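**Student:** Below you'll find the structure I mean.
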Amino acid sequence: MSIRQKGAAFAGAYFNDERSCRAFALATAPPEGKSYAPDKVVDVLHTKLELGFDLERRAVAGTATHTVTPILDGVTALVLDCCELSVHEVKDGRGKALAFDHDGSRLTVHFPKPLAKGSKSQVAVVYSGTPRSGLYFTGPSEAYPRTAQQVWSQGQDEDSRFWFPCFDYPNERASSETLVTVPESWTVVGNGKLLAVKHDRAKKTRTFHHREDTPHVSYLLSVACGEFAKVEDRWRGVPVQYFVRPSEEGKVRRTFGLTPDMMEHFSRTFGVDYPYEKYSQVVVEDFIFGGMENISATTLIDRCLMDERAALDYEPQDLVSHELAHQWFGDLVTCKDWSHAWLNEGFATYSEVVYREHWRGREDAHQHRLAQMQAYFDRDRAERRPIVTKAYTQPIELFDAHIYEKGALVLHMLREHLGDGVFWACVKEYLTEFRGRTVQTEDLVGVINRMTGRNLEWFFDQWVYGAGFPELEVAFAWDEAEKSATLTVDQKQKVEGATGLFRLPARVLFHGRRPVEQVIEVKEAHQGFTFRLDAKPDFVAFDPGCHLLKRLTFKQPSEMLKARLARDPDWFGRVEAAQMLCKDGSRNALEAVGRALLKDAFWGARVEMAAALGENGSLVARDQLVAAAKTKDHKVRRAVARALGKFQDAAAAAALGALAKGDISYFVEGEANLALGATRQPGAFEILRDSLKRESHLDAVRASSLMGLARLRDDRAWPLLKAAAAPGGKAQGRIAAMRAMATLARGRDPFRTEIREELERYLTDPNFFAKFGALLSLEVLDEASAVPAVEAVRFRESDGRLRSNSRDVAKALREGKSKGEEIVALRSDLERLRDDKRGIEDRLAKLEAAVKASRPPAKTKAKGPKRKGKR
Ligand SMILES: [Zn+2]
């Protein structure tokens with residue numbers, strides 16, 4: 001699943017990219033209790049659904065028939081998950097009625113006599129209902145007259161039970177069959193092979209019959225129904241289909257065109273061919289996640305379709321490759337238990353990197369991986385936990401950057417550790433051995449052990465069952481007389497709870513006329529490593545390529561940093577040098593970074609250099625950024641705009657104003673708007689107000705202008721914000737307007753009551769994302785009197801994300817621990833200052849020592865004893 005971006009990334013929900021809706025959970029105290037997979041006494045072999053809809057009533061009616069076989073003798077009852085559905089009748093395979101009890105969430109079917117182990121029985125449940133979750137009906141409304149009428153399902157994590165009675169947990173797999181009757185102009189996208197379409201001309205309906213022979217878990221069973229245009233490709237003869245609204249057909253290739261190439265690349269790389277009869281991707285209205293990897297039939301959010309201008313820097317290909325990779329990791333092999341969901345999501349998220357390597361090259365893939373690392377750091381700051389944990393109440397709480405991004409980074413380290421050939425051979429073995437089965441982390445550890453003879457339990461213990469990451473401080477020293485280099489490595493992370501010291505095999509590369517590579521193993525809190533070399537290296541790289549999940553401060557003399565900035569062939573090495581030079585802060589150092597910002601060969605390096613100059617915050621740094629504001633690469637311009645938002649002065653505002661008034665990239669314009677607000681300079685209001693009129697992909701320009709207005713702290717913005725929050729606009733713009741209102745009203749008596757009431761109204765908005773935006777904005781507003789309205793969401797809604805966030809926001813408001821945008825910013829400033837303070841103290845101590853050492857003894861002791869030692 002791609003919920004894409006929780007917590008901190010919510011800030012990006014108003015304009016970032018498809019990641020923006022992935023990870024919604026807020027930082028929370030760990031929920032009480034532990035969750036375990038349920039017992040199962042029968043094996044479900046096959047599930048058949050025969051369904052029809054009442055579009056007016058938003059209702060479903062049909063029959064769910066399960067073929068089951070007991071796994072032990074004497075089974076007298078079958079318990080199915082069946083939430084809020086009306087059960088009319090339950091029958092056996094011969095049509096004979098079976099007794100049943102239904103308590104509203106569990107359906108217990110009683111067999112007249114105990115079933116024998118290995119026997120086969122059928123249980124057909126005739127039911128109907130108007131689901132709140134699991135199955136969604138969209139259509140035109142007064143505020144959104146253009147919304148198409150559609151019906152689509154979303155099972156993960158445990159919502160299938162809201163639209164058909166089933167064993168709704170990932171430790172059960174069955175083949176499936178759907179017969180869905182819809183209006184005759186509609187198409188049904190279902191799992192597996194389309195066996196038949198039956199047209200009833202009298203009733204003006206068509207019935208689509210699909211069958212998926214590969215056994216799969218319930219949450220992957222899906223239907224997506226509506227008027228769709230179909231575009232078809234092929235991969236090795238397998239049909240590859242894209243379904244979109246007819247008016248969007250022209251955008252299909254831009255988003256999905258690489259799908260057959262991805263199927264080829266993944267089939268070769270994973271060592272197991274794409275396993276199903278077809279692959280379809282369907283884009284539906286108002287989808288509540290980024291994408292969902294339903295078996296052989298992925299469902300996607302409409303924002304993945306884009307115009308030409310958005311295609312400049314918006315890349316839905318990551319979403320496409322992520323969902324495709326799930327067809328192996330998640331669908332063919334499924335986590336047995338939600339606590340091991342990283343085996344689905346970590347592999348899918350890492351596959352984005354794997355495809356980028358093939359598509360865009362290693363540097364680009366590396367850049368994507370570093371963005372994942374940053375997303376994980378952001379999440380870790382809000383909540384630290386192990387990847388695998390049973391401490392959750394709603395499974396959806398686990399679907400955050402711990403299992404997505406950190407999961408991906410852990411797999412990357414494993415690949416580095418084992419080497420490409422061995423790693424992919426293990427992946428092939430894992431997929432082959434567990435094909436059609438459920439897995440837990442130990443299964444992967446076992447495969448590696450069998451394939452390589454290596455026991456990597458320590459690796460999984462620290463990265464998967466342990467929490468956090470190493471924070472390393474590395475220093476370099478050179479002894480010319482001895483021709484030896486010394487590296488001291490300190491692990492600075494706080495050792496507490498599930499975070500310990502890390503064992504880290506790491507490469508060290510001494511660059512010079514003849515580069516020398518060494519491998520060391522870091523495992524103590526403080527270690528020194530000495531190396532004999534022919535000559536003093538020009539510069540040194542610790543973990544070149546940045547394969548380890550870590551934060552690194554690497555102290556080298558500034559002439560070595562400058563050499564590294566200019567000549568390290570590894571782009572991230574150049575970035576590390578730039579970051580350290582910006583901490584050095586001298587004019588000379590900043591100008592060197594400024595020159596690199598203009599001419600480094602890789603855009604990803606330039607993006608990070610802009611950020612480092614922004615963090616430095618001095619006028620010299622600002623001048624380097626202003627000089628780069630018109631740089632040709634739009635991704636770099638975007639980063640420069642973001643960095644300029646750190647400066648509250650006229651020069652920064654002038655450069656940002658020029659970008660905000662019009663740029664070829666929506667996202668540069670957006671970033672410039674946001675940053676312009678933060679400069680709080682005269683003239684910014686007018687520019688932001690005018691930007692509100694511009695349409696853009698993901699509402700990027702409008703959404704960022706709204707947040708820019710909030711940062712500007714100008715009360716003339718009120719009517720603009722209120723109008724933008726109202727129904728009728730795109731979700732991203734509305735969410736940004738709500739958040740902007742909350743930010744502007746926070747702690748200000750004349751406004752907060754009114755804004756609280758306004759936001760509370762949107763808690764019942766028909767749009768899922770608007771409800772979400774209102775909930776999280778109320779947290780920013782930090783008004784305890786909103787608690788009753790926030791808590792009501794939990795009792796009114798069946799969606800797991802809304803429920804768990806309602807609980808968390810209410811708790812934060814009650815305790816006054818709300819994390820408004822400013823507080824988040826303050827905390828990160830504080831952290832940065834603490835880092836800087838440490839750096840300054842270190843430098844101070846060294847300077848003092850140097851001064852002390854350089855004092856001629858004559859001055860300290862007149863006519864003292866003879867000087868000892870070397871001169
Ligand atoms: Zn996913």
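The values are calculated or read from the model by the stated rules, or taken from the named source; none is laboratory data. Values in this document were obtained by computation on a predicted structure and should not be read as measured data. Quick reminder, even Gly has a Cβ in these numbers, built from the backbone with ideal geometry, and neighbours come from all protein chains shown. Surface accessibility is based on the protein's heavy atoms, side chains included, excluding ligands, DNA and RNA. Shrake-Rupley method; radii C 1.70, N 1.55, O 1.52, S 1.80 Å.
**Student:** Set the Förster radius R0 to 51 Å, insert the Cβ-Cβ distance between residue 230 and residue 40 as r into 1/(1 + (r/R0)^6), and round the FRET efficiency to 0.05.
**Tutor:** Once the sixth-power term is evaluated, E becomes 0.85.
**Student:** Here's a follow-up. Which one of 509, 604, 486 is farthest out on the positive end of the charge dipole of the chain, using unit charges on Cβ (Lys, Arg +1; Asp, Glu -1) and the Cα centre as origin?
**Tutor:** Final value for the positive-end residue is 486.
**Student:** Between residue 55 and residue 521, what is the spin-label point distance in nm, taking each point 7 Å from the Cα along the Cα→C-beta axis?
**Tutor:** 6.6 nm
**Student:** When the chain is fully extended, how far beyond the present Cα-Cα distance does residue 435 get from residue 213, taking 0.36 nm per residue of separation?
**Tutor:** 78.6 nm
**Student:** With charges only on Cβ, +1 for K and R and -1 for D and E, what is the dipole size of segment 214-350 about its Cα centre, in debye, rounded to 20?
**Tutor:** It comes to approximately 280 debye.
**Student:** For segment 219-252 and segment 577-608, compute the distance between their C-alpha centroids and round to whole Å.
**Tutor:** 46 Å
**Student:** Can you tell me which aspartates and glutamates have their Cα less than 13 Å from the Cα of residue 483? Leave out same-chain residues fewer than eight positions away.
**Tutor:** Hits, sequence-local ones excluded: 534.
**Student:** At 25 °C and 0.890 mPa s, what whole-number value in µm²/s does Stokes-Einstein give for the translational diffusion of segment 104-170, with Rh from the Kirkwood sum over Cα pairs?
**Tutor:** Using the Kirkwood radius from Cα pairs, D works out to 163 µm²/s.
**Student:** Let me ask something else about it. Using only the Cα atoms of segment 406-481, what are the Rg and Dmax in Å?
**Tutor:** Reported Rg and Dmax, both Å: 16.3, 63.
**Student:** Moving on to the next point. With unit charges on the beta carbons (Lys and Arg positive, Asp and Glu negative) and the dipole taken about the Cα centre of the chain, which residue among 720, 220, 639 sits farthest to the positive side?
**Tutor:** 639
**Student:** Under the classification rounded if a/c is under 1.5, otherwise prolate if a/b is larger than b/c and oblate if not, where does segment 588-668 fall, given a ≥ b ≥ c as square roots of the Cα gyration tensor eigenvalues?
**Tutor:** Oblate.
**Student:** Right, next: Using the heavy atoms of the protein chains alone and a 1.4 angstrom probe, what is the accessible area of the chain per residue in square angstrom?
**Tutor:** 40 Å²
**Student:** While we're here: Could you work out Rg/(2.2 N^0.38 Å) for the chain, with Rg from alpha carbons only?
**Tutor:** Ratio of Cα Rg to 2.2 N^0.38 Å: 1.01.
**Student:** Now, a different point. Does anyone have the angle between helix 768-781 and the longest principal axis of the chain? Alpha-carbon axes, 0 to 90°, nearest 10?
**Tutor:** Approximately 40 degrees, to the nearest 10.
**Student:** So if I restrict to the alpha-carbon atoms in segment 275-428, what is the Rg, and what is Dmax, the biggest pairwise distance, in Å?
**Tutor:** That works out to 15.7, 45 Å for Rg and Dmax.
**Student:** Sticking with this structure for a sec: Let me make sure I get this right: for segment 342-479, a, b and c are the square roots of the gyration tensor eigenvalues over alpha carbons, sorted descending. Under 1.5 in a/c it's rounded, otherwise prolate if a/b > b/c, else oblate. Which is it?
**Tutor:** rounded
**Student:** If you stretched the chain out fully between residue 853 and residue 654, how much longer would it get, using 0.36 nm times the residue separation minus the C-alpha to C-alpha distance?
**Tutor:** The residue 853-residue 654 span can extend by a further 66.8 nm.
**Student:** While we're here: Would any residue of segment 284-304 have its amide N under 17 Å from a label point 7 Å out along Cα→Cβ of residue 268? List them or say none.
**Tutor:** In segment 284-304, the label zone of residue 268 (backbone N under 17 Å from the point 7 Å along Cα→Cβ) covers no residue.
**Student:** Related question: Once the Cα atoms of helix 587-599 and of the chain are each reduced to a long axis, what angle between those two axes, in degrees from 0 to 90 to the nearest 10, is obtained?
**Tutor:** Here the helix axis deviates by roughly 40 degrees.
**Student:** For a protection proxy built on the mean count of beta-carbon atoms within 10 angstrom, sort 607-619, 260-272, 512-524, 488-500 highest first, please.
**Tutor:** Final packing ranking: 607-619, 260-272, 488-500, 512-524.
**Student:** Taking Rh as the Kirkwood radius computed over C-alpha pairs, what is the Stokes-Einstein D of segment 417-570 at 20 °C in a medium of viscosity 1.002 mPa s, expressed in µm² per second?
**Tutor:** So the translational diffusion coefficient is about 121 µm²/s.
**Student:** Okay, moving on. Taking +1 at the Cβ of each Lys and Arg and -1 at the Cβ of each Asp and Glu, which of 119, 594, 145 sits farthest along the dipole of the chain towards its positive end, judged by Cα position relative to the Cα centre?
**Tutor:** After comparing all options, I get 594.
**Student:** Please list, in chain and number order, the residues 5+ apart from residue 499 or on another chain whose amide H is under 5 Å from its amide H, with Hs placed from the backbone.
**Tutor:** 467
**Student:** Could you give the spread of the C-alpha atoms of segment 712-758 along their three principal axes, from largest to smallest, in whole angstroms?
**Tutor:** Sorted from largest, the Cα extents of segment 712-758 read 29, 22, 14 Å.
**Student:** Residue 120 label point, 7 Å along Cα→Cβ, cut-off 16 Å on backbone N: hits in segment 37-59?
**Tutor:** 43-48, by backbone N distance to the label point.
**Student:** On C-alpha positions alone, give me the angle between the axis of helix 821-854 and the longest principal axis of the chain, in degrees, nearest 10.
**Tutor:** Rounded to the nearest ten degrees, it is 30.
**Student:** Where the accessible area of segment 59-201 is counted over protein heavy atoms with a 1.4 Å probe, how much of it, in %, is carbon and sulfur?
**Tutor:** Its accessible area is 51 percent carbon and sulfur atoms.
**Student:** Let me ask something else. When the Debye formula is applied to the Cα atoms of segment 659-809, each taken as the same point scatterer, what base-10 log of I(q)/I(0) results at q = 0.08 Å⁻¹?
**Tutor:** Once normalised to I(0) and log-transformed, intensities are -0.22.
**Student:** Taking only the alpha carbons of segment 442-508, what extent do you get along each of the three principal axes, in Å, biggest first?
**Tutor:** The Cα atoms of segment 442-508 stretch 52, 31, 10 Å along their principal axes.
**Student:** Using the alpha carbon gyration tensor of segment 46-147, what are the three equivalent-ellipsoid semi-axes (square root of 5 times each eigenvalue), largest first, in whole Å?
**Tutor:** The three semi-axes for segment 46-147 are 34, 12, 11 Å.
**Student:** OK, next. For residue 730, which lysines qualify as cross-link partners when the Cα separation must be under 22 Å and same-chain residues fewer than eight apart are set aside?
**Tutor:** 6, 251, 661, 693, 722, 771
**Student:** Can you send over the carbon and sulfur percentage of the accessible area for segment 625-666, probe radius 1.4 Å, protein chains only?
**Tutor:** 56 percent
**Student:** Also, quick follow-up: At 222 nm, what value in deg cm²/dmol follows for the chain if DSSP H runs of at least 4 each add -39500 (n - 2.57) and the sum is divided by all its residues, to the nearest 500?
**Tutor:** Per the formula, -12500 deg cm²/dmol.
**Student:** Relative to the present Cα-Cα distance, how much length would full extension add between residue 76 and residue 484 at 0.36 nm per residue of separation?
**Tutor:** 139.2 nm
**Student:** Restricting to lysines 8 or more places apart or on different chains, can you count the pairs in segment 80-239 with Cα atoms under 19 Å from each other?
**Tutor:** 6
**Student:** Under a crude label model (7 Å from the Cα following the beta-carbon direction), how far is residue 428 from residue 567 in nanometres?
**Tutor:** Label at residue 428, label at residue 567, 4.2 nm between them.
**Student:** Here is a follow-up. From the P(r) of segment 523-665, could you give the percentage of C-alpha pairs in the tail past 26 Å?
**Tutor:** So the pairs more than 26 Å apart make up 28 percent of the total in segment 523-665.
**Student:** Rounded to the nearest 20 debye, what is the charge dipole size of the chain about its Cα centre when +1 sits on each Lys and Arg Cβ and -1 on each Asp and Glu Cβ?
**Tutor:** Approximately 2960 debye in magnitude.
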